[in-house]
Each structure stands twice: as C-alpha cells, then as structure tokens.
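The values are calculated or read from the model by the stated rules, or taken from the named source; none is laboratory data. Computed from a prediction, not measured in an experiment: that's the story for all the values here. With ideal geometry, Cβ positions are generated from the backbone for all residues, glycine too; neighbour counts draw on all protein chains shown. Just so you know, the surface numbers come from the protein's heavy atoms only, side chains and all, with ligands and any DNA or RNA stripped out. Shrake-Rupley method; radii C 1.70, N 1.55, O 1.52, S 1.80 Å.
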Amino acid sequence: MDTTLPRQVFDTEALPPGERFGCWLEMLARTPGLMRVRTDHADNFVARAEFLDLGPMQVIRHRYPSLDGIRTRKLIQRSDADCYVLALTLTGTGVADQDGQRGICPPGDFTFYDCARPQELSHHTDTGDGPPASSLVAFIPYDALPLPHRRLTPLFAGRMSGSAGVGGLLADFLVRLTSRPEQYHAADAERLGGIGLDLVATLLGRNLVSEDAVPTEIRRRALVVQVRAYVQQHLGDATLDPGTIADAHHVSVRSLHRLFEDEETTVAAYIRDERLARCRRDLADPALGDRSIQVIAARWGFRDKAHFSRAFRAAYTETPQAYRARHLDRARIVNTTASAVNSTRTY
C-alpha cells in the first residue's frame, strides 16, 4: 500500500504528437483553471502536470511550451470558480491581467488572482531554444483563507516576491513538496496543506501592508515555520541561540519563548535536538568515517566535545563513540556480504 502523498501525473509525451494539445485542453477543463488557450506549439504540445492534493489546497506543477490564455465569463460559468489561484513562476516569464491590473512575473515571483473573475495570462520561455515554461499553481478555496474577499482585490494580478521573507519561505516549501512528494506521508497531507495556507495568508497580509488583515494565530504559526526554517539553515553556527534568532526575526527574546509555548519544546531544546539529529546522522554515515567525532560535532554547532558527549548520551542513551561503532560495524558487515555476492562469477 502506497503511503506517500497522493499525486497524479499527466504527461503528453505518452501520446502521439497530434493528440497532445487536445488532451492537454481536456485535462485543463477538469480543473478550476478552465480557459481558452492559444499556442504556436499545438501540433506537438509537449507538456506535463503533476497534481498534489494537500487537503484544503491543490497544488499543480506545470511544464509546457509558450502559451497565452483567456478566461471569459462563459468559461467561468462552466467551472468551479469559488477559489483563488496563487501562481509561482519557475522558468520563463508569466504575465497576468485581471480587473485592469497587470503583473509581470519573472522566475521566483508569485501572482494571485480570483477564478470567479475574467482574466488573461501568458507564459513564455525567455529564449526560443531554452527550457520550457514552468510554474507552480495552487488552487485555494475562498473559505480556506481567513482574509475578507474584498480586502484581497488590490492584490489580483499583482506581483509578489518569492525570493525573500515569507514569499521565499512559501516558494521553498512548495518547490520542495512538489519536487520530492515521496518523502512525505499521505497522513501528513492535511497538516502540510495547513502550513501552506498559513504562509499564503501571511504573504497576502504582508503585501496588503496590513498585518492586522491576518489573524493573530495565523501570524503566530507562520512565524514558527519561519523560525524553524532559520534554525535549520544556521545549525552549524555555534553562536545560534534564542537571542540571535529573535534579532533575525525582529522580535524580543521573551516573545520568541512565548511563540514556542504551544510547540511542546523550547527554542534552546529545539536547536539542541536538531543539532544532535544531524550529528547522529553523520556518525552513522560510512562516507564520513574518516572524520573525528569532534569535527562532526563542531560541524553542527557543538564547540565543546565533553558537552556534546553528555548531550548525545542523554538523548540516545549511549555515547557517540558507541553509537558510531555499532552503525559502522553494521555497514561493514552489509558491504562485506554485498561484495561477496557481487564477486561471484556469473555466466
């Protein structure tokens, strides 16, 4: 039984060239993004779409030749239109028009629009012989966002950065999920979708220049995600502590500690546990067998060897030396057996 995140893949390369564009349009008609599409590549439309269901949010990773699309009122009436679309340009340049507003989005930028309103879009490769256009598109039901519909109107067809701040965190989150869905469990789909929605709501609220537009609990959860991501990126910095994290996120240390009150851990404990987990992984890696335990500990921010040994033993009930010896011995037995099998002559 497959327990990974549910994913569906549609790839026109499995079809004869003459059928590819028509089948792509049929696939598009089954999504809330139904539109009339024009392309110079209709005779051989090589495209791929990967659908990922994250509970309240559906994410599609697209790859296709240059195209232009229009969504009219007639098409809106033929599709499920009670949702928003958040699109991240991966390659090429995307252009969105809605309600007299226009957003031009190079790679790394988001645009946002309302499926219930007419719109035009285009997505073209930057050069004729370059890679195909590609994007990430999230369909979000109206009631999944805690933001009033009327407040979001100024953002339709706008451009939002996906390379810095909350936008960068959201882009990394979506790209990672869609690039390696097999790394996540199906049971986590709702939770992952909730994290995505919190980040989307925070991104939209920031671009409305009104943090009050985002409910307090949503802001709190989004900040926790940001802090956790920051810790993961800076584990090797021995100076990483609640003070440096608080400064990086423009909050007080006291506020940072309050932020983690509902996380069943403290900030310092989270840093320590993540560092120990990285050390344990490296100690069990045969490829790092020539590195001393002290070097591995220092790599993940433990400056004092004795302190590291005490913390490791308290967490895993054995010394780093014993843990490493046990796992590397096991790896040598496996490799010796594999070598013996592979050395048998075959005819």
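When a/c reaches 1.5 or more, the comparison of a/b and b/c decides; with that in mind, is the stretch 3-59 rounded, prolate or oblate per its Cα gyration tensor? Since a/c reaches 1.5 but b/c is at least a/b, the shape of the stretch 3-59 is classed as oblate. Here the dipole of the chain is about 840 debye; that uses its Cα centre as origin and unit charges on the Cβ of Lys and Arg (positive) and Asp and Glu (negative). Between the listed residues PHE260, ALA284, THR89, the Cα displaced farthest toward the positive end of the dipole of the chain, a dipole computed from Cβ unit charges relative to the Cα centre, is found at ALA284. Note on GLU318: accessible area is roughly 40 Å² with a 1.4 Å probe, heavy atoms of protein only. Only helices enter this figure: runs of n ≥ 4 DSSP H residues, each worth -39500 (n - 2.57), summed and divided by the residues of the chain, yield -13500 deg cm²/dmol at 222 nm to the nearest 500. Mind checking which of HIS41, HIS185, HIS250 has the largest fluctuation in a GNM of the chain, springs on alpha carbons under 10 Å? Between HIS41, HIS185, HIS250, it is HIS250 that shows the largest mean-square fluctuation. Derived from the Cα gyration tensor, the three semi-axes of the equivalent ellipsoid of the chain are 43, 30, 16 Å, largest first. Counting only protein heavy atoms and a 1.4 Å probe, the chain has 52 square angstrom of accessible area per residue.
Near ALA116, once Lys and Arg are set to +1 and Asp and Glu to -1 for all other residues with Cβ below 12 Å from its Cβ, the sum equals -1. Note on the stretch 77-236: with neighbouring protein chains present and a 1.4 Å probe, carbon and sulfur make up 50 percent of its accessible heavy-atom surface. Other residues with beta-carbon under 10 Å from the beta-carbon of HIS62 carry, at +1 per Lys or Arg and -1 per Asp or Glu, a net charge of +2.
For every other residue with a beta carbon closer than 12 angstrom to the beta carbon of GLY103, add +1 if it is Lys or Arg and -1 if Asp or Glu, then tell me the sum. Here the charged neighbours net out to -2.
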